[in-house]
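Read through the structure below, which is laid out as structure tokens, and then see the notes.
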Amino acid sequence: MDVSNGQRAFWMVLITSLAAPFFASVAAAVLTGVGAFFDFALPAPADKTLGETAVGAFIWSAFPATVAALALTPFVLQHGRYSWLAAAVAGVLAFTAASIIMPFGTADIQPLMPFFAFLAGLIAIIMRAVLIRAKVLQP
């Protein structure tokens, strides 16, 4: 039984809207935890635990993940897939737009925004690989 591109697009948006924020929260938890040991540039807020930081990252990143998925929907509707480059661009642009609309962090985190945008692009590429592996997208 073959899957239509409309079904692929529906599942791509749904899965990306939930799984990409999960990957973002794991990345935030890892960066915050590792930062405590190596004096990395991502300091943990004094009033938040590691779990609260991860949950906050999950909640904040749901909007850019959904925007990136919706931006990729025309590619999926037309071809049943999208390239890794399109995924990276959608992830970076969605993160950038979301960080302008909903700023987060303090002034000491602002110099790290290019790193976070790069991380958003990597998460979008990882999501593409997950969707291909799950046979939602065509290879």
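Observations
- Among residues of segment 46-80, those that are exposed (fewer than 13 other Cβ atoms within 10 Å of the Cβ), touching a helix residue (DSSP H, G or I) at 6+ places or on another chain (Cβ under 9 Å) and modelled with pLDDT under 95, counted: 1
- Positions within segment 81-98 being buried (at least 19 other Cβ atoms within 10 Å of the Cβ) and over 16 Å from PHE118 (Cβ atoms), in sequence order: ARG81, TYR82
The values are calculated or read from the model by the stated rules, or taken from the named source; none is laboratory data. The structure displayed is predicted, hence computed values, not measured ones. Cβ sites come from the backbone with ideal geometry, for glycine too, and all protein chains shown count toward neighbours.
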